[in-house]
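Quick one: the structure is below, questions incoming.
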Amino acid sequence: MSLVKIHIFGLVQGIFLRRDISQKAKELGAVGYVCNLDDGSVYVEAQAERSKLQEMIKWLKNSPGRSEVKEVKIEWDDDKIGATGFEIRY
């Protein structure tokens, strides 16, 4: 299992991207969370098989739904987050 921290910039808030990310994460078997940040970006911490996380990153870079993703920053980590599901944080 791998852990990735994803910071997404662009038109990414107010368009149900967190919901879409949560659905995609569950589809891929990932655990973790997604939240909006005060600077208008979206932040994700997800843990799953590395190939599944890479699939999620590729999907995000293609501006899913109504989003207009301008930049995606990725940080891989060896930690475990201990989550049992994937949640949207408010």
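Can you work out ³J(HN,Hα) from phi for every residue in the range 80-85, in order, using Karplus 6.51 cos²θ - 1.76 cosθ + 1.60 and θ = phi - 60°, giving whole Hz and x for Gly and Pro?
10, 8, x, 7, 10, x
Could I ask something else about it? If amide H atoms are built 1.01 Å from N in the plane of the peptide, which residues on other chains or at least 5 residues away come under 5 Å of the amide H of Glu49?
Excluding prolines and chain starts, which carry no amide H, the hits are Ser2.
Sorted by packing (mean other beta-carbon atoms within 10 Å per residue), highest first, where do 50-60, 70-80 land?
Details: 50-60: 16.4, 70-80: 11.4.
Answer by packing, highest mean first, reads 50-60, 70-80.
How big is Rg to Rh over the chain, alpha-carbon atoms, Rh as the Kirkwood inverse-mean-distance radius?
So for the chain, dividing Rg by the Kirkwood Rh gives 0.92.
Total Lys pairs in the chain closer than 21 Å by alpha-carbon, pairs eight or more apart in sequence or interchain only?
25
Each reported figure results from applying straightforward, stated rules to the coordinates on display, with no laboratory input. Everything numeric in this text was worked out from a predicted model, so none of it was measured. No Cβ is skipped: glycine too gets one built from the backbone with ideal geometry, and neighbour counts run over all protein chains shown.
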